[in-house]
Each structure stands twice: as structure tokens, then as C-alpha cells.
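Colleague: Dropping the structure in here first, questions after.
The values are calculated or read from the model by the stated rules, or taken from the named source; none is laboratory data. What you are looking at is a predicted structure, and each value in this text was computed from that prediction instead of being measured. Don't worry about glycine lacking a Cβ; one is built from the backbone with ideal geometry, like all the others, and counts go over all protein chains shown.
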Amino acid sequence: MGVFDVVALGELLIDFTENGVSVQGNPLLEANPGGAPCNVLAMLNRLGKKTAFIGKVGQDSFGQQLRMAVQESGTDITNLIMDAGTPTTLAFVHTKTDGDREFSFYRNPGADMMLKKEEVSEDIIKKGKVFHFGTLSSTHEDNCVATRFALAVAKENHLLISFDPNLREPLWDSLEHAKQEIEYGLSQCDILKISDNELIFLTGIEDLDEGMEKLKLQYNIPLIFLTMGKEGSRAYYHDWMVEEKPFIQENTIETTGAGDTFTGCALGYILEHGINDLTKEQLRELLLFANAGASIITTRKGALMVMPERSEIESLMKSR
């Protein structure tokens with residue numbers, strides 16, 4: 001039991017990020033390996049954890065690039081399936097002047113949404129300690145059934161369930177559908193990582209304290225992380241709320257992967273300290289560690305291949 005610290009299921013795609021301008025004045029785009037679940041696993045690998053990924057890419061050059069990248073990051077890819085009939089999903093990330101992003105997706109269909117229930121390896125899930133997922137593996141019927149099945153196997157085998165809604169509005173047929181899938185995830189998880197804008201989307205309440213109260217009343221989630229970008233992050237555990245400021249970087253390029261890096265750092269901490277008897281001091285330490293990791297990734301292009309080392313994170317923490 002427990003061969004893998006974390007097993008994740010979900011999207012694996014190419015993020016095309018802007019990287020300068022050509023001689024003719026056209027934007028140059030760099031094909032970065034991306035997809036939230038594998039970003040989280042890549043961070044965990046850097047922390048010495050063992051991880052496995054369940055998902056699907058196209059049998060095209062992008063699919064081959066992703067397969068190699070995930071394997072090189074240290075994640076087990078036994079259950080990464082190559083689909084000969086559907087191309088790999090592509091995302092184009094447009095960076096705004098403040099470093100925030102807008103996405104446009106080429107996924108109609110994309111291989112990641114073609115994962116079927118019978119392709120999910122029960123054996124790999126059973127060997128995990130934590131099962132991590134988001135909502136993008138539930139946008140269409142087949143991959144939604146596959147995700148529900150994987151989740152059921154994880155719960156039957158007493159894995160901790162980690163959930164990040166990772167709302168990407170353009171990928172849903174309707175925002176009502178997106179909301180339903182987020183609510184389903186909330187009803188299943190032990191650990192939730194949610195961003196401020198996702199909390200507002202879900203509750204319809206602009207005030208984060210009020211929104212979180214509503215969410216906590218509705219769902220009995222043992223540990224919740226709220227990420228607030230330049231405002232830092234919070235942990236909600238028992239009746240406590242612990243908050244830590246971010247590490248603001250002068251040389252931030254873009255925020256791609258910051259939330260995933262945070263999640264990877266947080267899960268790494270929980271794997272080392274457990275979830276049952278955390279102290280306020282430990283929650284503070286966890287948030288500082290995760291904030292520092294997320295801060296470092298904003299200074300790098302892409303995420304999956306450039307996750308920070310533990311020593312880099314610890315050295316940034318000491319700078320405070």
C-alpha cells in the first residue's frame with residue numbers, strides 16, 4: 001500500500017505562452033507543457049514525493065512532448081494514454097500587463113476529455129495515499145464518468161481526497177454546469193484549494209469572509225486553502241483561520257502555475273505532518289512554504305518543467 005504519495009487525474013495540455021516578438025513584429029509563442037494536475041505532481045516530485053498521473057493526450061508531436069515532460073519530471077505515466085484519434089489539447093495564454101492571464105483553448109474535442117472509465121487503472125489509485133483532481137476532467141460526459149469512477153475507487157480505498165476547482169470558464173458549455181461540478185468536488189474532498197475569484201463565483205458573495213462562512217456551512221471540508229494572489233493565502237481548519245502574506249517578486253513574469261505550485265507544496269507538507277492534528281504554527285509554516293513556492297514560479301516561464309527545489313523555497317522563506 002501507499003506506493004504513490006499522490007495520484008492525480010485530469011488534463012494534460014500544451015500552454016502556448018508569449019515569448020517576445022519576431023523580426024516581423026509577430027508574437028512568438030513557446031510550447032510549454034501544462035495542465036494543473038501534472039503541475040501539482042511536478043512540484044511534489046521536487047519535494048521527493050512519489051506521484052502517478054491518469055490522463056490522455058493525442059498521439060501527435062505535442063502528446064509525445066507531454067509524455068516525455070511528465071516522465072522527466074518524475075511522475076509515473078503507466079496510466080497516461082495516447083489517443084490516435086484525437087489531437088492533444090492546446091491552450092493559448094495571453095498575459096495582461098499586470099501579469100494576470102486570459103486563456104483561449106483548442107479542445108473541441110481534445111484528447112484529455114476523451115478519457116473513459118474503463119481506461120482508468122484501479123490498481124494505480126489503490127496504491128496512492130492522496131487522490132487529487134479538478135473540474136476540467138468533468139466538462140464532458142465520458143471524462144466525467146471516468147473522474148467519478150476514479151474518485152469512488154479512491155474513497156473506497158481511504159485515500160485523502162484533494163480538490164482544486166481550477167475554473168476555466170471558456171471550457172464549459174454553461175457556467176451553471178461548471179458550478180454543479182465544483183459543488184460535486186466540494187462534497188467529496190478532504191482538502192480544498194480554492195482561489196478568491198472561484199469562491200466569489202461559487203457563492204455569489206464578494207466579501208471573502210462571508211463567502212467562506214457560506215461554503216463551510218454547506219460542506220464539511222476538514223482543510224481549506226484560499227489563495228488570494230497578491231494578498232497571500234489563508235488556511236481554514238477546525239474553527240481557525242490562519243493567514244500569511246505573499247512573497248512579492250519584483251521580477252514576476254506571469255502567474256501560470258502559481259496555484260498548482262501552492263497546492264503541491266501544501267500537499268507535500270500534509271504528507272509529512274498528517275491532516276488530523278495540525279497546529280496553528282504548522283498551518284502558518286505550511287502557508288509560508290506554499291506562498292514562497294508559488295512566488296518563485298511567477299518568475300519563470302511555464303510551470304511543469306521549472307518547479308522550484310525545496311532549498312530555493314526555504315531560502316526565500318528565510319529572506320522575510
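Colleague: Restricting the stretch 297-307 to residues that are surrounded by fewer than 21 Cβ atoms within 10 Å (Cβ to Cβ) and touching a helix residue (DSSP H, G or I) at 6+ places or on another chain (Cβ under 9 Å), which is nearest to Cys38 (Cα to Cα)?
Modeller: Pass one, the stretch 297-307, residues surrounded by fewer than 21 Cβ atoms within 10 Å (Cβ to Cβ): 299-301, 305-306.
Now restrict to residues that are touching a helix residue (DSSP H, G or I) at 6+ places or on another chain (Cβ under 9 Å): 305-306.
Numbers: Met305: 10, Val306: 12 Å.
Per the stated criteria, the residue is Met305.
Colleague: With respect to the numbered conditions (1) surrounded by fewer than 18 Cβ atoms within 10 Å (Cβ to Cβ); (2) on the phi < 0 side of the Ramachandran plot; (3) out of contact with any helix residue (DSSP H, G or I) (no Cβ under 9 Å at 6 or more places or on another chain), which one is the sole condition not fulfilled by His158?
Modeller: Result: His158 fails condition (2) only.
Colleague: Free of Cβ contacts under 8 Å to residues at least 60 places away in the same chain and within 25 Å of Pro246 (Cβ to Cβ): which single residue out of Phe201, Phe149 fits that description?
Modeller: That would be Phe201, the only listed residue that is free of Cβ contacts under 8 Å to residues at least 60 places away in the same chain and within 25 Å of Pro246 (Cβ to Cβ).
Colleague: Hey, another quick one. For the stretch 170-199, how many residues meet the condition of being in contact with a strand residue (DSSP E or B) (Cβ under 9 Å, 6 or more places away or on another chain) and over 22 Å from Ala235 (Cα atoms)?
Modeller: Total satisfying the criteria: 2.
Colleague: Just checking, how many residues over the stretch 1-41 are without any contact (Cβ under 8 Å) to a residue 40 or more places away in the chain and among the small types (Gly, Ala, Ser)? Before you say what the answer is, go through the steps one by one.
Modeller: Taking the stretch 1-41 as the starting set, the residues that turn out to be without any contact (Cβ under 8 Å) to a residue 40 or more places away in the chain are 20-28, 31.
Filter once more, keeping what is among the small types (Gly, Ala, Ser): 20, 22, 25, 31.
Residues flagged as without any contact (Cβ under 8 Å) to a residue 40 or more places away in the chain and among the small types (Gly, Ala, Ser) within the stretch 1-41 amount to 4.
Colleague: Oh, and also: I'd like the full set of residues that are in contact (Cβ under 8 Å) with a residue 12 or more places away in the chain and either of a type in the set (D, E, K, R) or surrounded by fewer than 17 Cβ atoms within 10 Å (Cβ to Cβ) (or both), limited to the stretch 65-84.
Modeller: Across the stretch 65-84, the qualifying residues are Gln65, Arg67, Glu72, Gly74, Asp76, Thr78, Met82, Asp83, Ala84.
Colleague: Now, a different point. Which pairs turn up if I take residues in the stretch 212-235 that are closer than 29 Å to Ile248 by Cβ and look for partners that are acidic (Asp, Glu) and part of a helix (DSSP H, G or I) with beta carbon separation below 8 Å, at least 6 apart in sequence or on another chain?
Modeller: Leu226/Asp196; Thr227/Asp196; Met228/Asp196; Gly229/Asp196; Glu231/Asp196
Colleague: Inspect all residues belonging to the stretch 128-137 and state whether any of them is more than 19 Å from Leu186 (Cα to Cα) and buried (at least 23 other Cβ atoms within 10 Å of the Cβ).
Modeller: yes
Colleague: A further question on this structure: Is there a residue being modelled with pLDDT under 95, touching a helix residue (DSSP H, G or I) at 6+ places or on another chain (Cβ under 8 Å), basic (Lys, Arg) and at negative phi anywhere in the stretch 308-320?
Modeller: Yes; the residues of the stretch 308-320 include at least one that is modelled with pLDDT under 95, touching a helix residue (DSSP H, G or I) at 6+ places or on another chain (Cβ under 8 Å), basic (Lys, Arg) and at negative phi.
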